[in-house]
Amino acid sequence: MSKAIGIDLGTTNSCVAVIEGGHIVIIPNDKGSRTTPSVVAFTKSGERLVGEAAVRQAAVNSERTVSSIKRQMGTKWNIRVDGRTFSPQEISAMILRKLREDAEAYLGEPVKDAVITVPAYFNDIQRQATKDAGRIAGLNVLRIINEPTSAALAYGLNNESSQKIMVYDLGGGTFDVSIIEIGDGVIEVLATNGDNHLGGDDFDEKIVQYLAQEFKNRYRYDITGDRTAMQRIREAAEQAKKELSTSETAQINLPYLTQIKGNVTHFEYTLTRAKFNELTASLVERTEGPVRNALNDAGIAASELSKVLLVGGSTRIPAVQEKVRRLTGIIPSKNINPDECVAQGAAIQADTLAGHALQTVSGNGGGGILLLDVTPLSLSIETVGGVATRLVERNSTLPIHYSQVFSTAASFQRSVEIHVLQGERPMARDNKTIGKFQLNGIKLAPAGVPQIEVTFDIDANGILKVSARDLDTGREQSITITANDRMSDAEINNAIRDAEQYASQDKVRRDAITVHSEANIQANRTEYALRKVRRQISKEEKREIKASVAALRKLLVKTAPENYSAAQISDIRSAMKQLENVSFNMMRMAENAPEPGPDDDGQDDDD
């Protein structure tokens, strides 16, 4: 049975893990790193770069580089590159495909099944978009689970004594706080709250805007219109933020940052932790509301918490840790890795769903742990007067099956529109529309007489399906919710085909670079060996070898390696094989032959 992997698809960095030999293993990428930057770039030669390779070229290719795509999931955002439009799902799929390929390289076998994590406060459309991205990447998404729940699973695997914990998850782009109860093999989410637009990116942006203003004050020049310079400032800001987690000051040094009236301008600045705290104080304060709301919804006081787990790289910021301590009265625990624990929990859930039996330190099988997650936002339908009539309260335990009977607002209606909403506001217009559908064929009757049963089903992924039935006629209609922000099945299938086609093209490109290098090496070695033994072989043999080398070199210069077709690669391989055949005996002779002299050009006197 093939392995199932756990993926933390992050705003800034992503991480993939697997269970091997009863242990959680973080899978390194092809650069040996345990996390991969969630960055995608399109080069002008048509290549797509993901991860470190995309980050390295961002400053000189900022317009064709995409980062923090997670913040756009479930929206109509897109990027147009070389005549093609890419949705957030497709960009995320490129990251997921890279993680999948790294996992396959590590495991030495194909990988199809995965559990992918999302912020607890993601709505239905954002969850569906994440699942669609997984499908486009060629993954069978076993489950979508909430990031704080996943972190709690990683923690609770070997800490099953009864306790209530808070997971404070401040990542690159989102903030979640969950109150979770662990005990008797059950991990139950009591409440969750958060902010989908609060994270490390916002801390970086505060530094970026401050440095841009400092540059303007110093040089009387507005640098914000220079995309390349701003990208360099953004990279420096992120690095400074990280340094200030362990140091009181961070040195920012940006030589050759821009030109002002033809003069090259350098920029240096020393950022202190005190100034950083001042710039970002409002962001730290924004985490207080969700923390208090989650505690209130769970019906517990902070003093009842046994532990606070910090998740997400942004929780390394000292001011954040101090804020958590002041809010809860508890020194946050640091016994889990904030960058890796979410992927670890996802791997545990993936292993369980794949039917394996992970063994905990205490000897209990991982499959014995029951996850009880919740829906983060209330679900409603719009009724007369634009009121959002709530059917499912936030923090209801998943999965959910709920039905309610409604009727018509006007006499003799033949159809009714059902407007499905997500959010906490009393009026429909103030909540998020996640779908609309028409129920047709209603029996003609005065207003209020038809009986229309609306059923909400929320699965373990937190994804909603809505159906409706006319109780008067007994007819049941299957209703599929559609929303403009979702991809249709046809769009998903097209994206899958495109991703597979690109993967094929990418393989050709890698093969081309490899075969070009190998062919050059073989040609050079053959010519060198020929110089060593040229007086020991016949003229006919020499001519045959030289002709084969020339034929190979002709193929190598015909087209640039990045433009090789599969047929050209095949031709080069054939030419290499031909050269190997005609030079085999000569190469063996050359092993023991003396080195050619410095004046030996390889030409016979009678050539």
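Which one of 191, 144, 245 is farthest out on the positive end of the charge dipole of the chain, using unit charges on Cβ (Lys, Arg +1; Asp, Glu -1) and the Cα centre as origin?
Highest projection toward the positive end goes to 245.
Projecting each Cα onto the charge dipole of the stretch 120-268 (Lys/Arg +1, Asp/Glu -1 at the beta carbon, about the Cα centre), which of 161, 212, 121 comes out farthest on the positive side?
Final value for the positive-end residue is 212.
Which order do the peptides 127-138, 371-382 come out in when sorted by mean C-beta neighbours inside 10 angstrom, highest first?
Highest to lowest by the protection proxy: 127-138, 371-382.
Would you mind working out the magnitude of the charge dipole of the stretch 188-287 relative to its Cα centre, with +1 at each Lys and Arg C-beta and -1 at each Asp and Glu C-beta, to the nearest 20 Debye?
560
Report the antiparallel proportion of the DSSP beta bridges in the chain as a percent, rounded to a multiple of 5.
Roughly 80 percent of the beta bridges in the chain run antiparallel, per DSSP.
If Rh is defined by the Kirkwood formula over all Cα pairs and Rg also comes from Cα, what ratio Rg/Rh do you get for the stretch 93-182?
So for the stretch 93-182, dividing Rg by the Kirkwood Rh gives 1.03.
Could you check what % of the DSSP bridge pairs in the stretch 18-164 are antiparallel, to the nearest 5?
Percentage antiparallel, nearest 5: 65.
At a 1.4 Å probe, what is the % contribution of carbon and sulfur to the accessible area of the chain?
The value for the chain is 47 percent carbon and sulfur by accessible area.
5 Å is the cut-off here: which amide hydrogens, built 1.01 Å from N in the peptide plane, fall below it relative to residue 197, excluding neighbours closer than 5 in sequence?
Residues meeting the amide H criterion: 175.
Would you be so kind as to identify which of 256, 233, 270 lies farthest towards the positive end of the dipole of the stretch 165-280, taking Lys and Arg as +1 and Asp and Glu as -1 on Cβ and the Cα centre as origin?
The residue sitting most towards the positive pole is 256.
Sequence-distant or interchain residues sharing an amide H contact under 5 Å with residue 47, placed H: which?
Hits under the 5 Å cutoff: none.
How much area per residue is accessible in the chain when the probe is 1.4 Å and only protein heavy atoms are counted (Å²)?
Each residue of the chain exposes 45 Å² on average to a 1.4 Å probe.
Determine the principal axes of the Cα atoms in the chain, then give the extent along each, sorted from largest to smallest and rounded to whole angstroms.
108, 64, 61
Can you work out ³J(HN,Hα) from phi for every residue in the stretch 575-590, in order, using Karplus 6.51 cos²θ - 1.76 cosθ + 1.60 and θ = phi - 60°, giving whole Hz and x for Gly and Pro?
After applying 6.51 cos²θ - 1.76 cosθ + 1.60, I find 5, 5, 5, 4, 5, 4, 5, 6, 9, 4, 5, 4, 5, 5, 5, 5 Hz.
Give the distance, in whole Å, between the Cα centre of the stretch 285-353 and the Cα centre of the stretch 5-60.
25
Assigning unit charges at the beta carbon (Lys, Arg +1; Asp, Glu -1) and nothing else, what dipole magnitude in debye, to the nearest 20, does the stretch 1-123 show about its Cα centre?
Computed charge dipole of the stretch 1-123: roughly 460 debye.
Give me the distance between the Cα centres of the stretch 162-206 and the stretch 412-443, rounded to whole Å.
About 31 Å separates the Cα centre of the stretch 162-206 from the one of the stretch 412-443.
Could you tell me the center-to-center distance, by alpha carbons, between the stretch 89-148 and the stretch 208-248 in angstrom?
Cα centres, the stretch 89-148 to the stretch 208-248: 33 Å.
Which order do you get for 384, 111 if you rank them by accessible area with a 1.4 Å probe, largest at the top?
My answer, sorted largest first, is 384, 111.
If we count every other residue with Cβ under 12 angstrom of residue 424's Cβ, Lys/Arg +1 and Asp/Glu -1, where does the sum land?
+1
Does the stretch 131-215 classify as rounded, prolate or oblate by the C-alpha gyration tensor (a ≥ b ≥ c root eigenvalues; a/c under 1.5 gives rounded; else a/b over b/c gives prolate, otherwise oblate)?
Verdict is oblate for the stretch 131-215.
If you take the square roots of the eigenvalues of the alpha-carbon gyration tensor of the stretch 302-344 and sort them as a ≥ b ≥ c, do you get rounded (a/c under 1.5), prolate (a/b over b/c) or oblate?
Note, shape of the stretch 302-344 comes out oblate.
Using θ = phi - 60° and the Karplus curve 6.51 cos²θ - 1.76 cosθ + 1.60, what whole-Hz ³J(HN,Hα) does each residue of the stretch 276-284 get, with Gly and Pro shown as x?
Per residue, the Karplus-derived 3J(HN,Hα) values read 4, 4, 5, 5, 10, 4, 5, 5, 4 Hz.
Report P(r) for the stretch 156-268: all Cα-Cα distances, bin width 5 Å, range 0 to the bin holding the largest distance, values in whole percent.
2, 10, 15, 15, 11, 10, 9, 7, 6, 5, 4, 3, 1, 0, 0
Which distance in nm do the two modelled labels at residue 528 and residue 220 give, with both placed 7 Å along the Cα-to-Cβ direction?
6.2
How far apart, in nm, are the 7 Å Cα→Cβ label points at residue 259 and residue 546?
Label-label distance for residue 259 and residue 546, simple model: 5.1 nm.
Apply the a/c threshold of 1.5 to the C-alpha gyration tensor of the stretch 72-141 and tell me whether it is rounded, prolate or oblate.
oblate
Assigning unit charges at the beta carbon (Lys, Arg +1; Asp, Glu -1) and nothing else, what dipole magnitude in debye, to the nearest 20, does the chain show about its Cα centre?
So the dipole magnitude of the chain works out to roughly 1060 debye.
Could you run the Karplus curve 6.51 cos²θ - 1.76 cosθ + 1.60 with θ = phi - 60° over the stretch 57-64 and give me ³J(HN,Hα) per residue in whole Hz, x for Gly and Pro?
Listing the rounded values in order: 9, 4, 5, 9, 9, 5, 5, 10 Hz.
The values are calculated or read from the model by the stated rules, or taken from the named source; none is laboratory data. Everything numeric here is computed off the predicted structure, so don't read it as measured data. Reconstructed Cβ throughout: ideal geometry from the backbone, glycine too, with neighbour counts over all protein chains shown. Protein only, heavy atoms only, side chains kept; ligands, DNA and RNA dropped before computing areas. Shrake-Rupley method; radii C 1.70, N 1.55, O 1.52, S 1.80 Å.
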